[in-house]
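The structure under discussion appears below in the form of structure tokens.
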Amino acid sequence: MVSRRVERLTSSLIRDVLAAAQRPGMISFAGGLPASETLQLPDFAGVPASVLQYGPSEGEPALRDAVAEQARQMGLRCDASQVLILTGSQQGIDLVAKLMIDPGTPVLLEAPTYLAALQSFHFFGADCLATPLEANGPDLVQFRAQLARRPAFSYLIPTFQNPSGRCYDRAHRDAVAAELDAAQVMLVEDDPYRELVYDPSCDRTPICARLERAPWVYLGTFSKTLAPGLRVGYLIASPELFPLLLRLKQASDLHSNRLGQWLVLRQLEQGDYPGHLARLRALYRDRRDQMHAALSAELGGLAHWQCPPGGLFFWLQLNHEGVDTRTLLPKALERGLAFMPGEPFFPAAPAAASAMRLNFSHSDPASLQRGMALLGQLLRESPAG
Ligand code: PMP
């Protein structure tokens, strides 16, 4: 017999859609994949044989130093002893869930939120409390009301959120920090997209940097800037949480892949990392603008959206709320187009079933145009089109 919690193990819709998207000739707006041409095979020359030996659970010391230095530059008060290198930031979500969630534990989330975090929190039996995410941050009245229900922690993605692409403004960052401090509720701030910024005027200072009393865990990753296949991410935790997270990491996988850590560190120290980020932003800004233009041309009158100031996604709300995008998906896949329906991103009802998430980083301009034309066609043909 498997454990009782396995009953709560849902398959991730995104994995199923991504599997379909692998078919030759498919245009995929479904995943959150970097553009393939930005992934360069690293130079393996000079890799020391010592990276093949077991290493420290905390991560490579020099990489911890580099991460702490970057974090201080973004305003986080921390040192390297608070940095834990992870097997992707997804592992941080898993470790936090293991640390904090028993069956029935309340957890405060944005609605919509990151699908794979929801999957993990559900697996451990969390009672997910949702706060609607609005254009400039969460609905503060509802956020306060949910905090009064004493969640074990709040999981937020304030900067270029997945799936909505939204970025909290300064007032919402300040207000959320003040509420969390007042309630002394722990913040888990997930920040994988912060470097993919196209409109630099947005405030990206982490909310963790504003906290005075509430415990916090900040999650970062090199997946979106260097290569997701390296599986190198990190967490930075307030000092009282760090030893527990470290022990959970030890129990889970001893330590992260040392070769991946070494390659990331070399890129940070010797590669032109700022130049690489600048090129990445220019490429993705361009693709975002192309998708925005194609959306306006093909879907005008059928849907509405905000142009995201950063990140990898457009969040589309169909004008006809009666259309469930889950029922559109099989028809789209049949015609060679993949997207993510909106409903699975919601922690609790009511969900916006007429929403969808569209990725713009992975498709070349021609596919992007064709895909958008297909989507427009599909929506016009749908019964409520
Ligand atoms: N958090 C969010 C919000 C994400 O979108 C992703 C990747 N899609 C992750 C965490 C996990 O990223 P990784 O494990 O590759 O660092």
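The values are calculated or read from the model by the stated rules, or taken from the named source; none is laboratory data. Just so we're clear, the structure is a prediction, and the values are computed from it rather than from any experiment. Here the Cβ positions follow ideal geometry from the backbone for every residue, glycine too, while neighbour counts run over all protein chains shown. Areas reflect the complete protein model, heavy atoms only, side chains present, ligands, DNA and RNA absent. Shrake-Rupley method; radii C 1.70, N 1.55, O 1.52, S 1.80 Å.
At-a-glance table
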| item | result |
| --- | --- |
| Anchor residue 249: lysines whose Cα lies under 18 Å away (excluding residues fewer than 8 positions away in-chain) | 98 |
| Kyte-Doolittle at least -1.0, axis length at least 15 Å by Cα - qualifying DSSP helices, the chain | 61-73, 89-100, 170-183, 242-253, 258-270, 273-299, 365-381 |
| Accessible surface of residue 51 - all protein chains present, 1.4 Å probe, nearest 10 Å² | 10 |
| Distance from the range 335-356 to the range 232-274 (C-alpha centre basis), Å | 33 |
| Estimated dipole of the range 1-112 in Debye, rounded to 20 [Cβ of Lys and Arg +1, of Asp and Glu -1, Cα centre] | 400 |
| Summed residue charge, Cβ within 11 Å of residue 298's Cβ, Lys/Arg positive, Asp/Glu negative | +2 |
| Accessible area of the range 286-385 belonging to carbon and sulfur atoms, whole % at 1.4 Å probe | 52 |
| Listed residues 74, 63, 338: farthest to the positive end of the dipole of the chain (Cβ charges) | 338 |
| Dipole magnitude (debye, nearest 20) for the range 291-385, charges at Cβ of Lys, Arg, Asp, Glu | 100 |
| Net charge dipole size for the range 55-270 [Lys, Arg +1 and Asp, Glu -1 on Cβ; Debye, nearest 20] | 240 |
| Antiparallel content of DSSP bridges confined to the range 55-270, in %, to 5 | 40 |
| Rounded accessible area of residue 320 (nearest 10 Å², 1.4 Å probe) | 90 |
| Carbon + sulfur, % of accessible area of the range 1-151 - ligands and nucleic acids excluded, 1.4 Å | 54 |
| The chain: most fluctuating residue of 301, 260, 75 per GNM, C-alpha cutoff 10 Å | 301 |
| Accessible area per residue in Å² at 1.4 Å probe, computed on the range 55-270 | 35 |
